[in-house]
Amino acid sequence: LAHAIDWDPERWPAGAHWPADWAQGQTLASAFRRSAVWYFRDLAAGIGGPIYRERLTAFGYGNAAATDGSDLFWLDGELQISPREQTAFLAALLRDELPVSATAKTMLREVALLNEQGGHRLYGKTGAGPLDAADFDGPFRGWLVGWFERPDRAPVVYALFVDGPDWGSIERFRREASESLLRQAGGW
């Protein structure tokens, strides 16, 4: 969580669409919470395609595609995973069926906690992007993927994937819809 990378404005110039909290050094925890794309592109470039493909394959994560030399494979549509595959991945992770250390899972719980009430915990990771990569004012696609823990019951995994007319509609809707569905299912 403390893996810090200083922001290099020459390598990663701030785009007009950037939130203010991207244009600064990040730790893994802050980058995860803020979805600071430049941080993860920097990690992807350092880790490399062969290691990503090996790990993604071991996790059964979608098509496990990661081209050598690419730091965009997880953004440009090369790496693909369906909502069903995403929930299967999370369910396997939570059942300790994947080669992931207990420490890594504890750290994930720390950064992915979205809400907590009455012993119930909602975990998730958001993401979004414009349908047209050059148009940040137009339609957006977004998701919220995670799990819900209740006392004395197995976790419930979820994946919400939506299209909307703009960024603001995606930002509001994905969390509200996820919490509403969990309430309807008797969990929240």
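The values are calculated or read from the model by the stated rules, or taken from the named source; none is laboratory data. Not measured: the values here are computed from a predicted model. Cβ atoms come from the backbone with ideal geometry, glycine included; neighbour counts cover every protein chain shown. Note: areas computed on protein heavy atoms with side chains; ligands, DNA, RNA excluded. Shrake-Rupley method; radii C 1.70, N 1.55, O 1.52, S 1.80 Å.
Brief remarks follow.
- Check on Y61, in a helix (DSSP H, G or I) and out of contact with any Lys or Arg (no Cβ under 7 Å at 6 or more places or on another chain): no
- Qualifying positions in the stretch 122-141 - within 17 Å of the chain's Cα centre (by Cα) and not polar (S, T, N, Q): L122, Y123, G124, K125, G127, A128, G129, P130, F140, R141
- Sole exception among (1) of a type outside the set (F, W, Y); (2) modelled with pLDDT of 90 or more; (3) open to solvent by 30 Å² or more (accessible area, probe 1.4 Å); (4) under 18 Å from the mean Cα position of the chain (by Cα) for E176, by number: (2)
- The set of residues in the stretch 10-33 being in a loop (DSSP other than H, G, I, E, B) and open to solvent by 70 Å² or more (accessible area, probe 1.4 Å) consists of E10, R11, P13, A16, H17, Q24.
- From the options A88, A134, A159, A154, residue that is part of a strand (DSSP E or B) and small (G, A, S): A159
- Pairs with Cβ under 8 Å, 6+ apart, first in the stretch 138-158 and modelled with pLDDT of 90 or more and surrounded by fewer than 18 Cβ atoms within 10 Å (Cβ to Cβ), second hydroxyl-bearing (S, T, Y) and part of a strand (DSSP E or B): none
- Within the stretch 6-30, the residues that satisfy the criterion of being within 19 Å of K125 (Cβ to Cβ) and in contact (Cβ under 8 Å) with a residue 24 or more places away in the chain are T27, L28, A29.
- Residue in the stretch 99-110 that is among the aliphatic types (A, V, I, L, M) and open to solvent by 50 Å² or more (accessible area, probe 1.4 Å) present: yes
- In the stretch 73-82, the qualifying residues are those that are open to solvent by less than 60 Å² (accessible area, probe 1.4 Å) and of a type outside the set (S, T, Y), and the one that is modelled with the lowest pLDDT is G77.
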